[in-house]
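See below for the structure under consideration.
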Amino acid sequence: MLELWAYLNRPIRQALVHVGQCSYANRGRGIQPGSTDSKELRGNGMWIGPLPENLSLIETSTAVQDVFAPAVFGGAGKWNVRPCGHCGAGR
Ligand SMILES: [Zn+2]
């Protein structure tokens, strides 16, 4: 099963969607050595996941914009949701 994760980058309001096994996602741990906690706000962003695997990129965008980002960062606003260029999740 493909497990999808999204990294929400608050300053640029961009969410990158990865498969969990992507080396940049590492199931919500990212690429920073020693980071073990997922789903915590760290610095400028936060990992969300695992996402429902049957979501399309458009549905993921809607979920990020309407549910996840407001829940984490508060407020509303447009987010740019894109597939990771490395693993290509969400395409
Ligand atoms: Zn990726």
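General observations
- Cβ-Cβ contacts under 6 Å between residues 6 or more apart (or on different chains), taken from a first residue in the stretch 21-39 that is within 14 Å of L4 (Cα to Cα) to a second residue that is β-branched (V, I, T) and modelled with pLDDT under 80, are listed as Y24/I31.
- Selection from the stretch 51-70 of residues that are modelled with pLDDT of 90 or more and more than 20 Å from I12 (Cβ to Cβ): E59
The values are calculated or read from the model by the stated rules, or taken from the named source; none is laboratory data. As the structure is a computational prediction, the values presented were derived from the model and not from experiment. Using ideal geometry, Cβ is built from the backbone for each residue, glycine included, and neighbour counts are taken over all protein chains shown.
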